[in-house]
Amino acid sequence: MNCSFEKSKLDLFKENWGAPYVARHQVAKFSGGLLNPGTMANHDCKGNGPKGNIRIGRNIAYNVEELITWMINRVDFL
């Protein structure tokens with residue numbers, strides 16, 4: 001993957017979100033409906049979800065940069 005492509009996409013999402021973390025229950029909003037909180041929970045349980053997530057009480061949140069990198073690495077171009 002082209003590093004400039006990845007960097008530009010990372011900056012775009014970061015600027016639009018405005019917070020360093022995304023709560024799991026907000027991943028659908030963050031991804032424009034491409035991700036589902038339940039699916040993210042399954043990925044986390046299997047150990048193949050985004051790195052750098054945190055837990056506060058019962059809530060899980062993802063580091064925005066790690067989540068975007070994870071999303072970009074999963075893209076399949078048709």
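The values are calculated or read from the model by the stated rules, or taken from the named source; none is laboratory data. Note that the structure is predicted; figures quoted are calculated from it, not measured. Note that each Cβ is placed from the backbone with ideal geometry, even for glycine, and that neighbours are counted across all protein chains shown.
Numerical summary
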read-out	value
Those residues of the stretch 66-78 which are part of a loop (DSSP other than H, G, I, E, B) and either closer than 15 Å to Ala28 by Cβ or among the acidic types (Asp, Glu) (or both), in sequence order	Asp76
Selected residue [touching a strand residue (DSSP E or B) at 6+ places or on another chain (Cβ under 7 Å) and not hydroxyl-bearing (Ser, Thr, Tyr)] from Ala28, Ala23, Ala19	Ala23
Check on Ile56, of a type outside the set (D, E, K, R) and in contact with a Leu (Cβ under 6 Å, 6 or more places away or on another chain)	no
Total residues in the stretch 32-46, condition modelled with pLDDT of 95 or more and small (Gly, Ala, Ser)	2
